[in-house]
Amino acid sequence: MDGRILIVDDEERVCFVLRRALARMSNGYEVVTAQDGRDALDKVKATRFDLIITDLRMPGMDGVELTEAIKAVDASTVVVWITAYGCHKVRAEARRLSIYDCLDKPLKVTRIRQIAREALESAEDNTELD
């Protein structure tokens, strides 16, 4: 399985760690990073991503606004949120926007890989139904 993953986080270190962790998965995913919502949205408009992992709190366009814009471009895009402020605080928004999952920081590499695999499988299953 090939896939394209976009990681969006204003912390360069988080992007670096997640990119390395996900690029090393055995399935040969292309992993792209963006450090703000505007850059991420430009990338989403230019090419399709199978999975987008985005931080919620970023300067400028936050993760919720970014997700709304992504879903306007392609409603089937699978999105995972990451936050240091507690996923329980954004449950209603996550349901409204059909978020695949929300993960609390600090992230464990094994957990993010597991969620990424499951989300990509979910995206693949949805594509097969179209």
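Full extension of the chain between residue 113 and residue 74 gives 11.7 nm of extra length, using 0.36 nm per residue less the Cα-Cα distance. If R0 is 22 Å, the Cβ-Cβ spacing of residue 45 and residue 125 corresponds to a FRET efficiency of close to 0.30. Taking amide hydrogens as placed 1.01 Å from N in the peptide plane, the amide H of residue 101 sits under 5 Å from those of 81, each at least 5 positions away in sequence or on another chain.
Considering only 52, 115, 70, the Gaussian network model of the chain with Cα springs below 10 Å gives its largest mean-square fluctuation to 115. Each of 87, 51, 40 was scored by the projection of its Cα onto the charge dipole of the chain, and the greatest displacement toward the positive side belongs to 87; charges sit on the C-beta of Lys, Arg, Asp and Glu. For the chain, the share of DSSP beta bridges that are antiparallel, to the nearest 5, is 0%.
Positive-end ranking of 63, 115, 102 along the dipole of region 4-120, with charges on Cβ about the Cα centre, is headed by 115. Note on the chain: with a GNM built from Cα contacts shorter than 10 Å, the maximum mean-square fluctuation among 43, 105, 89 falls on 89. Using only side-chain charges placed at the Cβ, +1 for Lys and Arg and -1 for Asp and Glu, the dipole size of region 16-130 relative to its Cα centre rounds to 540 debye.
Each value in this text was obtained by applying a stated rule to the coordinates, not by laboratory testing. Bear in mind that the values here come from a model prediction, so they are computed numbers and not experimental data. Methodologically, a virtual Cβ is constructed for each residue, glycine included, from the backbone with ideal geometry; neighbour enumeration extends over all protein chains shown.
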